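Student: Handing you this structure, nothing more for now.
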Amino acid sequence: MINTKLTPLALVIASLSAPASANLIISEYVEGSANNKAVELYNTSSTELSLDGYTISLYSNGNGDLASPNNSLTLSGTLAANGTYVIANAGASAELIAKADTDSTITYFNGDDALVLSKDGAIVDSFGQLGVDPGSAWSEGGVTTANKTLRRKTTVTTGRTDATAGFNPSEEWEQFDQDDFSNLGLYGDSSEPTPEPEPVTPLVCGAEKTLISAIQGEGGDSPLINTEVEVEGVVTADFQGDDQLKGFFIGSLAADIDANPLTSEGVFVYFADTDVTVGDHVRVKGSVAEYYSATQLGDVSQVEICATGLTTDATAITLPVADVADLEAYEGMLVTLSQPLVVNNNYGLGRYGEVDLGTERLYQGTQVALPGDAANAIEAENLKKQILIDDGSTKQNRDPIAYPGTGLDAYNTLRLGDTVNSITGVMGYSFDRYRIHPTVQPSFTTTNPRADAPELAEGADLRVASFNVLNYFNGDGQGAGFPTSRGADSEEEFIRQQAKIVSAITAIQADVIGLMEIENDGFGENSAIASLVAALNDEDVNNSYAFVDFNVPQVGTDAITTAIIYRANKVTEVGTAAHTTVAPFDYSNRPPIAQSFKSLETEEVFTVAVAHLKSKGGCGSAEGNNADLGDGQACWNEIRVAGANAYADWLATHPTGVADDDVILVGDMNAYAMEDPIRAFADKGLKSAVTELDGNTLGYSYSFSGRIGSLDHALVSESLLGKVVAATDWHINADEPISLDYNLEYKSSTQQASLYADNAYRASDHDPVIIDIKSEPAPEPIPEPQAPVISPEQAFEVLENSAIGTVIGQLEFSDADAEYTPVVKFIVSGENADAISIDALGQISLTKELDYEFENKLTLMIRAEDSAGNLSEAQLLYINVKNDEADDEDEDDSGSFGWLSLLALPFVAVRRRFKA
């Protein structure tokens with residue numbers, strides 16, 4: 001495990017050389033049973049030594065922060081020439097305590113902890129490797145730091161001042177049994193004459209030897225461990241440099257290769273005293289050892305070069321393998337992969353020269369499958385698809401960085417998703433990973449190039465985004481106050497950080513942006529949010545950025561909080577900014593915040609909320625359902641689910657006082673797409689815009705341990721989802737090497753310039769999520785249902801004998817809610833109701849011919865009915881039938897026969913009665 005953070009003070013300390021007067025070294029280390037632990041210091045000089053200014057410190061479990069040791073002891077007084085000073089554990093046995101000069105908590109160590117001896121702040125000696133947790137112990141060359149007594153070789157007279165360098169205890173230490181205190185306090189005090197070294201007998205090439213395959217065996221550990229052997233082979237890779245592995249790889253001679261595919265034909269030789277070259281046929285004498293579970297030859301006493309100019313063919317392997325353990329058969333061998341491989345992890349590129357490759361982009365199991373068996377099956381397959389390439393160096397932060405071969409810098413990057421078509425090198429194993437140390441420089445292809453921020457989608461007029469600003473802390477807001485509890489360590493780093501964040505946000509051109517991981521120091525003129533908005537306005541003169549003020553000194557109690565910024569020239573706040581700290585937001589899940597906005601262009605109203613749920617880290621204190629249940633969701637899942645449900649319920653209450661259903665919730669949910677919290681949000685009606693538009697969960701905003709997935713989400717309500725026209729993650733951070741960020745540590749002065757640019761790339765570790773929306777004006781509220789109203793006693797005229805269908809007139813009526821429930825019909829009643837019809841628009845038409853003599857006035861009753869069934873009050877309607885005088889004149893023109901027809905009427909009436 002690597003500790004990746006050193007404070008600026010620690011970096012200064014680590015860079016200093018030991019002073020010329022530093023004559024104190026660590027001379028004995030006792031890691032005994034129970035509390036039998038001790039450290040012996042030795043004055044290497046022939047004069048008395050003052051201990052003033054000396055400090056010895058303990059760094060446990062990979063702690064790499066020099067300024068923050070787990071325990072320290074400040075020394076004082078004097079130490080005699082060639083004298084010893086013994087520090088013991090207070091709980092040690094009486095025998096050990098009797099040998100001690102003092103007791104101290106710096107002896108609360110185990111075999112995996114480091115010790116640092118310093119003088120006036122400068123390192124003068126060290127034991128172990130600072131910032132590295134080796135597991136249970138540093139073990140190499142038959143010497144281990146766990147449960148043993150180690151004594152410094154008497155040939156060692158100066159301290160090990162590079163505490164971060166790889167630690168091989170066999171180089172300077174001799175091993176003795178556990179609880180052996182016999183020489184404690186007596187270092188260098190021996191009257192025994194130093195024996196003459198035994199004469200060295202030259203190795204005989206071609207003599208009887210042990211085969212490499214026999215050393216490797218079929219399993220993980222060698223069957224010949226701690227056995228001294230002589231072996232022959234051809235040098236396949238040379239990494240003997242001081243900043244390299246300090247050794248070389250050899251492969252079996254053609255005649256020595258066995259027929260067993262489970263035994264490797266290569267092995268690493270930890271030896272640099274005899275210079276060898278690739279192609280040399282060598283004979284080596286040394287002891288078989290396991291170093292970080294990798295089989296090697298250590299404690300090498302002799303190397304003989306038998307011949308030169310030989311060649312060894314690389315063994316072809318392919319991914320995926322059937323089982324990761326299958327790679328053990330190639331440990332130490334020269335291998336080649338001739339297939340396209342994708343970069344899946346570049347996190348260790350700058351510091352350790354490591355790049356993770358795979359057959360494809362590898363996803364977190366719970367990004368693409370349900371937690372439990374399905375997600376775990378995805379991860380099990382992922383392991384078979386990956387291999388690590390390693391630059392073959394134990395030195396950290398090399399300059400230049402190994403990959404890409406043309407040199408990593410701010411503009412020549414190596415992104416996740418880039419590819420390489422072949423890898424050739426030797427197979428190693430350390431830190432629980434099989435790795436290839438290339439012997440041929442890999443040639444990477446930019447298959448995942450950087451992209452500019454997406455343009456506003458066609459038809460869209462609003463953009464909402466989320467952005468994790470990675471602990472944006474502005475000190476005291478006036479250029480001082482650094483280092484802060486998080487974020488930039490100095491004003492110089494802060495300026496670099498701010499420039500990158502401002503570049504990213506201004507490029508996004510969002511109308512509203514939800515922020516995570518900004519300093520929780522209120523909303524005053526010197527607050528972090530105020531400084532960020534001021535920097536945005538300085539950079540983007542075409543927009544006017546503002547922030548939502550929640551009118552509290554802090555939002556919750558955590559060091560970081562969420563925030564909302566917006567473009568005041570595009571939207572305006574409506575309602576009241578809201579937040580809550582009630583459970584489950586009183587701790588762990590950060591307090592929810594929300595504010596409603598209105599578009600100045602379209603008057604669209606919507607609410608933006610920001611969330612930051614409990615992280616997946618710090619599992620040690622998690623209990624019950626919050627513990628890591630092994631289903632792929634890590635720890636604290638129960639708290640995140642509670643936060644998701646409570647957040648959705650809170651939003652449903654319209655906390656801003658704006659009763660509008662268009663809600664978008666953005667933020668770092670610390671949950672991948674298929675995990676319980678995201679599904680809980682969906683059950684409450686808040687769905688992922690990216691997933692819904694993509695139709696899958698293959699989007700991603702974060703990369704962790706070589707796996708990609710979405711921790712950052714934009715969750716929208718059903719009413720707003722229909723207005724979303726585009727949703728995407730802008731991959732400016734997750735795909736980029738961390739070396740390109742704003743930090744100054746772990747970089748040479750040259751790299752501090754070459755690896756940095758004030759652009760958006762690696763401005764943070766999370767990608768922003770960008771949502772484009774097409775506004776729709778809110779519908780007018782539907783009024784209460786109202787019945788139609790007909791004007792009373794309306795009268796119309798029609799000429800007798802007018803044709804059927806003749807329009808008599810237009811009825812006067814009104815309908816207040818005609819937009820929602822229009823009139824659909826008029827109901828006519830009374831004698832002669834069949835004489836007219838009235839359509840839905842109130843137009844009156846004849847349905848039969850009318851005769852003035854018989855029907856000179858129609859009196860009718862009418863009502864209107866709307867689509868909701870509402871009836872108007874009944875009103876009288878008069879139809880006056882006008883006499884057609886032209887028709888009367890025709891009757892007068894009939895002459896003398898007219899009177900005869902009148903005389904005949906009584907007879908007609910009598911006949912009708914008779915017939916009836």
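Student: When you look at E354, is it among the acidic types (D, E) and within 29 Å of G206 (Cα to Cα), yes or no?
Tutor: no
Student: Is one or more of the residues making up segment 280-293 in a loop (DSSP other than H, G, I, E, B), in contact with a Leu (Cβ under 8 Å, 6 or more places away or on another chain) and modelled with pLDDT of 95 or more?
Tutor: Just the residues of segment 280-293 that are in a loop (DSSP other than H, G, I, E, B), to begin with: 280, 292-293.
Among the residues that remain, those that are also in contact with a Leu (Cβ under 8 Å, 6 or more places away or on another chain) are: 280.
Within this subset, residues satisfying the condition of being modelled with pLDDT of 95 or more are 280.
Yes, there is a match, as at least one residue in segment 280-293 is in a loop (DSSP other than H, G, I, E, B), in contact with a Leu (Cβ under 8 Å, 6 or more places away or on another chain) and modelled with pLDDT of 95 or more.
Student: Any residue at all in segment 204-213 that's modelled with pLDDT of 95 or more, over 28 Å from P438 (Cα atoms) and not in a loop (DSSP other than H, G, I, E, B)?
Tutor: no
Student: Continuing with this model, one more query. All but one of (1) under 14 Å from V464 (Cβ atoms); (2) under 20 Å from the mean Cα position of the chain (by Cα) hold for A594, so report the exception by its number.
Tutor: Among (1) under 14 Å from V464 (Cβ atoms); (2) under 20 Å from the mean Cα position of the chain (by Cα), A594 violates only (2).
Student: Checking S588 against (1) closer than 23 Å to I708 by Cβ; (2) assigned to a loop (DSSP other than H, G, I, E, B), only one condition comes out false. Which one?
Tutor: Here S588 meets the rest and fails (1).
Student: Looking at (1) more than 14 Å from A528 (Cα to Cα); (2) of a type in the set (F, W, Y); (3) free of Cβ contacts under 8 Å to residues at least 24 places away in the same chain, which one does F482 not meet, given that it meets all the others?
Tutor: The single condition F482 does not satisfy is (1).
Student: Condition first: in a loop (DSSP other than H, G, I, E, B), within 45 Å of the chain's Cα centre (by Cα) and free of Cβ contacts under 8 Å to residues at least 60 places away in the same chain. Now tell me which residues in segment 265-275 satisfy that. Lay out the reasoning, then the answer.
Tutor: First pass over segment 265-275, keeping only residues in a loop (DSSP other than H, G, I, E, B): 265, 270-275.
Add one more test, that the residue is within 45 Å of the chain's Cα centre (by Cα), and what stays is 265, 270-272.
Selection gives F271, A272.
Student: For segment 519-538, which residues satisfy the criterion of being of a type outside the set (A, V, I, L, M) and assigned to a helix (DSSP H, G or I)? So that I can check it myself, show each step before the final result.
Tutor: Step one: filter segment 519-538 for residues of a type outside the set (A, V, I, L, M), giving 519-527, 531, 537-538.
Within segment 519-538, S531, N537, D538 meet the criteria.
Student: Within the set of pairs 6 or more residues apart or between chains, which connect a residue that is without any contact (Cβ under 8 Å) to a residue 24 or more places away in the chain and on the phi < 0 side of the Ramachandran plot inside segment 704-732 to a residue that is surrounded by 20 or more Cβ atoms within 10 Å (Cβ to Cβ) and among the charged types (D, E, K, R) with Cβ atoms less than 8 Å apart?
Tutor: Listed pairs, sorted by first residue: none to list.
Student: Taking into account only those residues within segment 719-748 that are surrounded by fewer than 20 Cβ atoms within 10 Å (Cβ to Cβ) and of a type in the set (S, T, Y), which is farthest from D772 (Cα to Cα)?
Tutor: Here the answer is S748.
Student: Going by what's in this entry, would E849 be described as within 16 Å of N880 (Cβ to Cβ) and of a type in the set (D, E, K, R)? Steps first, please.
Tutor: Numbers: within 16 Å of N880 (Cβ to Cβ): yes; of a type in the set (D, E, K, R): yes.
Yes, satisfied.
Student: Please specify each residue of segment 579-630 satisfying the condition of being among the acidic types (D, E) and over 24 Å from F547 (Cα atoms). Steps first, please.
Tutor: Applying the first criterion (among the acidic types (D, E)) to segment 579-630 yields 586, 601, 603-604, 623, 628.
Correct list: E623, D628.
Student: I'd like to verify a number: residues in segment 62-102 that are of a type in the set (D, E), closer than 20 Å to L150 by Cβ and outside any helix (DSSP H, G or I), how many?
Tutor: Adding up the residues that qualify gives 1.
Student: Going through T308, T295, T315 one at a time, which residue ends up being closer than 21 Å to S139 by Cβ and either touching a helix residue (DSSP H, G or I) at 6+ places or on another chain (Cβ under 6 Å) or not acidic (D, E) (or both)?
Tutor: From the options T308, T295, T315, the qualifying one is T295.
Student: Now for a separate question. Taking into account only those residues within segment 578-615 that are out of contact with any Leu (no Cβ under 9 Å at 6 or more places or on another chain) and of a type in the set (D, E, K, R), which is surrounded by the most Cβ atoms within 10 Å (Cβ to Cβ)?
Tutor: K614
Student: While we're looking at this one, here's another question. Under 21 Å from D772 (Cα atoms) and of a type in the set (A, V, I, L, M, F, W, C): does that describe A480?
Tutor: Here the answer is no, as A480 does not meet what is asked.
Student: Let me spell it out: the conditions are (1) at positive phi; (2) assigned to a helix (DSSP H, G or I); (3) polar (S, T, N, Q), and N625 meets all of them except one. Which number is the exception?
Tutor: All conditions are met except number (1).
Student: For segment 423-518, list the strands (runs of 3 or more DSSP E) that sit wholly inside it and hold at least 3 residues that are touching a helix residue (DSSP H, G or I) at 6+ places or on another chain (Cβ under 9 Å) and closer than 30 Å to V724 by Cα; which are they?
Tutor: Output list reads 462-472.
Student: If you don't mind, there's one more thing I want to ask. Can you tell me which residues in segment 659-681 are under 26 Å from E604 (Cβ atoms), touching a residue at least 24 places away in the same chain (Cβ under 8 Å) and more than 18 Å from the chain's Cα centre (by Cα)?
Tutor: Once the filter is applied, which keeps residues that are under 26 Å from E604 (Cβ atoms), touching a residue at least 24 places away in the same chain (Cβ under 8 Å) and more than 18 Å from the chain's Cα centre (by Cα), segment 659-681 yields D660, D661, D662, V663, I664, F681.
Student: Output yes when any residue across segment 566-576 is at negative phi and touching a Pro at 6+ places or on another chain (Cβ under 9 Å), and no when none is. Quick ask: steps written out before the conclusion?
Tutor: Of all residues in segment 566-576, those at negative phi come to 566-574, 576.
Adding the requirement that they be touching a Pro at 6+ places or on another chain (Cβ under 9 Å) leaves 576.
Yes.
Student: Just to be sure before I move on: is L334 under 21 Å from the mean Cα position of the chain (by Cα) and not assigned by TED's automatic domain parsing to the domain that holds Q129 in the structure I sent?
Tutor: no
Student: Within the bounds of segment 629-645, is there any residue that is surrounded by fewer than 18 Cβ atoms within 10 Å (Cβ to Cβ), part of a loop (DSSP other than H, G, I, E, B) and not aromatic (F, W, Y)?
Tutor: yes
Student: Name the one entry in R463, R450 that is surrounded by fewer than 18 Cβ atoms within 10 Å (Cβ to Cβ) and under 23 Å from H766 (Cα atoms).
Tutor: Going through R463, R450 in turn, just one is surrounded by fewer than 18 Cβ atoms within 10 Å (Cβ to Cβ) and under 23 Å from H766 (Cα atoms): R450.
Student: Based on what the data block shows, is N70 buried (at least 16 other Cβ atoms within 10 Å of the Cβ), farther than 18 Å from D180 by Cα, in contact with a Pro (Cβ under 8 Å, 6 or more places away or on another chain) and at pLDDT below 95?
Tutor: When the stated conditions are applied, N70 does not pass them.
Student: Shifting gears a bit: Check whether at least one residue in segment 122-136 is in the same structural domain as L96 (by TED's automatic domain parsing), part of a loop (DSSP other than H, G, I, E, B), out of contact with any strand residue (DSSP E or B) (no Cβ under 7 Å at 6 or more places or on another chain) and not small (G, A, S), and report yes or no.
Tutor: Initial filter on segment 122-136 (in the same structural domain as L96 (by TED's automatic domain parsing)): 122-136.
Filter once more, keeping what is part of a loop (DSSP other than H, G, I, E, B): 128-131, 133-136.
Those still in the list that are out of contact with any strand residue (DSSP E or B) (no Cβ under 7 Å at 6 or more places or on another chain) too: 133-136.
Filter again for not small (G, A, S), leaving 133-134.
The answer is yes; a qualifying residue exists.
Student: Same structure again: Among the residues of segment 75-101, count how many are among the β-branched types (V, I, T) and either modelled with pLDDT of 95 or more or under 21 Å from P169 (Cβ atoms) (or both).
Tutor: 3
Student: Just give me the residues in segment 515-524 being of a type outside the set (A, V, I, L, M) and within 17 Å of I732 (Cβ to Cβ), in sequence order.
Tutor: E517
Student: Given the structure, is A237 at pLDDT 95 or above, within 23 Å of G309 (Cα to Cα) and either surrounded by 10 or more Cβ atoms within 10 Å (Cβ to Cβ) or in contact with a Gly (Cβ under 9 Å, 6 or more places away or on another chain) (or both)?
Tutor: yes
The values are calculated or read from the model by the stated rules, or taken from the named source; none is laboratory data. Keep in mind the model is a prediction, meaning the values are calculated, not measured. Methodologically, a virtual Cβ is constructed for each residue, glycine included, from the backbone with ideal geometry; neighbour enumeration extends over all protein chains shown.
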